[in-house]
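The structure appears below as C-alpha cells.
The values are calculated or read from the model by the stated rules, or taken from the named source; none is laboratory data. As the structure is a prediction and not an experimental result, all values here were calculated from the model. A quick note on method: Cβ atoms are made from the backbone with ideal geometry, for glycine too, and the neighbour counts reach across all protein chains shown.
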Amino acid sequence: MPSGSEIELFEAKYIRQTSTDRRPQSCSEVHWIMPLDNSVIKVQGLQKIFPGGIRAVDSVSFDVREGEVFGFLGPNGAGKTTTISILNTLMLPTGGKAEVLGADVVTQASKVRKGIGLVPQDLTSDEELTGRENIELQSRLYHIPYAESSKRADELLGLVGLTDSQDRIVKTYSGGMKKRLEFATGLVHNPKILFLDEPTLGLDIQTRTSIWDHIRKLRSESNMTIFLTTHYLEEADGLCDRIAIIDHGKIVALDTSDGLKKAVGGDVIEVEVAECSMDVLEMIKSIKGVTLLEGKCSGNKARIKVPESNAALPLILEGFWNRKIAVLNVAVKKPSLDQAFLEYTGRELRDEDKGNSGKPGAAVAKKGRFGRRR
C-alpha cells in the first residue's frame, strides 16, 4: 500500500492532466445503483489509478443530496483531493461513473462546470488587482453581462465583509481577507453546488467563524449544496448534515455526525466522590449494563462507560444516594467526532506518516477497532 505522501505527490503532479489523461476504461462495466431522488452528485465505483499502480481512489460510491452540507474527511493522501478534482472535471477518472447535476463529469464536463463553484485550498486571486476587479474578472470569465456583474460584485463584497476594502490591491489584504475574497469569486455565477477545499485552513477563529456563518447563510437562503473538506473536525461536526470518511482511497464510513459518534460505542460518566472505597467500586459493578473503566478509580473519580448516559445516570446516582455516598461532581462525556475518525482511520487527520523519517511506507501498520489500518 503506497503511503499518504506518495499519493499526495501523484495528486499534485497529475491533477491538471485532463487534456492528456485517458478516458475511463471501464465506465460501461459499472453497475449503476439508483441514487436518492434528490441527489445532485452521484458517484458509483469511481477509480483513479496513477502510473505505478498507485490507487488513489478505489471503487468509491456515494450520493450528495440537494441542499445539504456534505463533509468529506480523510487523512492526508487518502484520496480527497483526487475525488474532488474528478468531480470538478479537473482530472479524468480511470474507471467508474460520476454525475454532477445530472451531467457526466467526463462526457459533459462543460455542463458540470457551469453549475459548480470551487473555493480551492490555495489562494488564486490576482494580487495586483483590487478585490472588486478580481470578482469582475471572474464574472467576465463566466460571460456575465457587465451591469449584472457589477451588481453581483456589490452583493458578494457585502456578503464577505469586503465592501470597505474593495478598491485596495489584494496583496495588501490579510490572509483572512484573501480567503474571503476566494469565497466570493467562487459564488460569482450563483452555482448550485459549491466545493470548499479546506476553506478555513490557517485562519484565525474570528475569520473561521465568519466563513462558517457565510456557509450557513448560503444553505438557508439559497438551498445551495455545499461539498466541504476540512482538517477541523469541530467544523465538520457543526456544519455538515452527513459526513463521509475516506481512507486508502475507500469510503470507510458515511453517516451523520451523531451516527459516526454512536459507532464509537457509548458515553462516559465521570463521578467524583470524597473517597473512592471498595463499597463504591462494588456498587458501580453491581449496576447492569455499565462498565467501570480500568476496574478502579482514578484518584477519587470513577469513570463509567454506559450505552446511553440519559438512561444510565439516574440509576448510577440512585445507587450512590441509597448508600449515602456523597457525590462531589458529575460529568458526562459524549463520544467526539475525533474519536470516531480515529476508530475508522487509526490516524489523526493531519498525520503524514509521522515517525517514519520521511521514508514512504516506513510506518508500522496496525488494525483499528473497525478493521482499518492504524
Exercise. When both residues are 6+ apart or on different chains and their Cβ atoms are under 7 Å apart, which pairs have a first residue that lies in segment 220-236 and is closer than 14 Å to GLY117 by Cβ, and a second that is modelled with pLDDT of 90 or more and among the charged types (D, E, K, R)?
Worked result: MET224/LYS192; THR225/GLU66; THR225/GLU68; THR225/LYS192
For this session: Consider GLN206 carefully, then state whether it is more than 28 Å from SER61 (Cα to Cα), buried (at least 16 other Cβ atoms within 10 Å of the Cβ) and in the same structural domain as LYS114 (by TED's automatic domain parsing).
Result: no
For this session: Have a look at ALA362, ALA312, ALA302 and point out the one that is outside the structural domain of LEU239 (by TED's automatic domain parsing), out of contact with any Leu (no Cβ under 6 Å at 6 or more places or on another chain), among the hydrophobic types (A, V, I, L, M, F, W, C) and modelled with pLDDT under 85.
Result: ALA362
For this session: Could you list, in sequence order, all residues of segment 165-175 that are assigned to a loop (DSSP other than H, G, I, E, B), surrounded by 12 or more Cβ atoms within 10 Å (Cβ to Cβ) and not small (Gly, Ala, Ser)?
Result: GLN166, ARG168, TYR173
Exercise. Taking segment 259-282 as the search range and keeping residues that are crowded, with 18+ Cβ neighbours inside 10 Å and not β-branched (Val, Ile, Thr), which one is nearest to the chain's Cα centre (by Cα)?
Worked result: LEU260
Seminar exercise, completed: Those residues of segment 162-190 which are under 29 Å from the mean Cα position of the chain (by Cα), over 20 Å from MET224 (Cα atoms) and of a type outside the set (Lys, Arg) amount to LEU162, VAL170, TYR173, SER174, GLY175, GLY176, MET177
Exercise. In segment 287-298, is there at least one residue being of a type outside the set (Phe, Trp, Tyr), out of contact with any strand residue (DSSP E or B) (no Cβ under 7 Å at 6 or more places or on another chain), outside any helix (DSSP H, G or I) and under 24 Å from ASP237 (Cβ atoms)?
Worked result: no
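Sort out which residues of segment 176-207 are among the hydrophobic types (A, V, I, L, M, F, W, C), part of a helix (DSSP H, G or I) and out of contact with any helix residue (DSSP H, G or I) (no Cβ under 7 Å at 6 or more places or on another chain), and write them in order of number.
Correct list: ILE205 only.
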For this session: Answer yes or no: is there a residue in segment 344-356 that is at pLDDT below 80, surrounded by 11 or more Cβ atoms within 10 Å (Cβ to Cβ) and among the polar types (S, T, N, Q).
Result: yes
